[in-house]
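Chemist: Just passing along the structure, written as structure tokens.
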């Protein structure tokens, strides 16, 4: 709430300024006559892309939401202990391969002969 | 009586939404702009006149305001109110004019625009009494922005929200500005009456 001012209230809201007679009526007439001629560009027709753009954006948004849902439901099912349907990439080694590898890398000649004697092959 | 009747007629005939629509159509823009001039020349004139005090300067600035508006009418898209857009142009024109006048007289931006009082004294279109003249003297001594705020609020009783849109200043800052202006004016009047 604005504070009342006795001195301003006494003077009032009149400013004492005036205009020539019929000033505003004449002004409008003169002003409109003096407006320069202008060429205004005709409003452009929207292109096909501009018309379909909102629908494309909306479709992209729904596709994004669908992908996110797909991703999150996959993550949550793994956390719950469900096995994700992941393709197996490892395969079982052929029979005998592991034993041969072990022999080649970890067993020296002495140990090898000792094993052979123990098994009674010699 | 005629003026009052004419004003009522304009208010009844004038529909801002229709006029804005017509302004955006090249076929009807000129006719619509004529209605805008008819509708807004008075409020804009008084806004300018109270800042520059001289009728001749106010008349020139009002013409410039409408010429600027006409020159850029295609950029008005109806986002703001038409009145706000026109007031903004008028305020800019007025402030630019005052800045040029100050420059001519080697005055700083903060100096009181005392030279404007000469306009009142020599203007045949001022017939205010002593109190009204003193009030104008007090207003002229205010900083430019405070003067603008005081005129809009005190004489036109414009809402702070509308002033805020025109001047791009917050409502709080405008209220403070008006309060300071009114206080300074009261002090000046107490000293001189």
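The values are calculated or read from the model by the stated rules, or taken from the named source; none is laboratory data. As the structure is a prediction and not an experimental result, all values here were calculated from the model. With ideal geometry, Cβ positions are generated from the backbone for all residues, glycine too; neighbour counts draw on all protein chains shown.
Chemist: Out of the stretch A:38-74, which residues are surrounded by 10 or more Cβ atoms within 10 Å (Cβ to Cβ), over 30 Å from residue B:69 (Cβ atoms) and over 20 Å from the mean Cα position of the chain (by Cα)?
Modeler: Hits for the stretch A:38-74 are A:51, A:52, A:74.
Chemist: Looking only at the stretch B:168-187, count every residue that is more than 10 Å from chain A (Cβ to nearest Cβ) and crowded, with 19+ Cβ neighbours inside 10 Å and tell me the total.
Modeler: Count: 3.
Chemist: Continuing with the same structure: Looking only at the stretch A:21-37, which residues are over 20 Å from residue B:68 (Cβ atoms) and facing chain B (nearest Cβ under 7 Å)?
Modeler: Across the stretch A:21-37, there are no qualifying residues.
Chemist: On to the next question. Which condition number does residue B:22 fail, the rest of (1) modelled with pLDDT under 95; (2) under 20 Å from the mean Cα position of the chain (by Cα) being met?
Modeler: Checking residue B:22 against (1) modelled with pLDDT under 95; (2) under 20 Å from the mean Cα position of the chain (by Cα), the one that fails is (2).
Chemist: Go through the stretch A:101-116 and give me each residue that's exposed (fewer than 10 other Cβ atoms within 10 Å of the Cβ) and either in contact (Cβ under 8 Å) with a residue 40 or more places away in the chain or assigned to a helix (DSSP H, G or I) (or both).
Modeler: Within the stretch A:101-116, A:104, A:105, A:106, A:109, A:110 qualify.
Chemist: Also: Of the residues in the stretch A:20-46, how many are under 30 Å from residue B:28 (Cβ atoms) and modelled with pLDDT of 85 or more?
Modeler: Qualifying residue count for the region: 16.
Chemist: Which one of these is in the same structural domain as residue B:30 (by TED's automatic domain parsing), farther than 28 Å from residue B:21 by Cβ and surrounded by 16 or more Cβ atoms within 10 Å (Cβ to Cβ): B:147, B:153, B:102, B:88?
Modeler: Only one candidate passes the filter, namely B:102.
Chemist: Restricting to the stretch B:44-81, what's the tally of residues that are in a helix (DSSP H, G or I), at pLDDT below 95, out of contact with any helix residue (DSSP H, G or I) (no Cβ under 7 Å at 6 or more places or on another chain) and over 18 Å from residue A:16 (Cβ atoms)?
Modeler: Looking only at that region, the number is 3.
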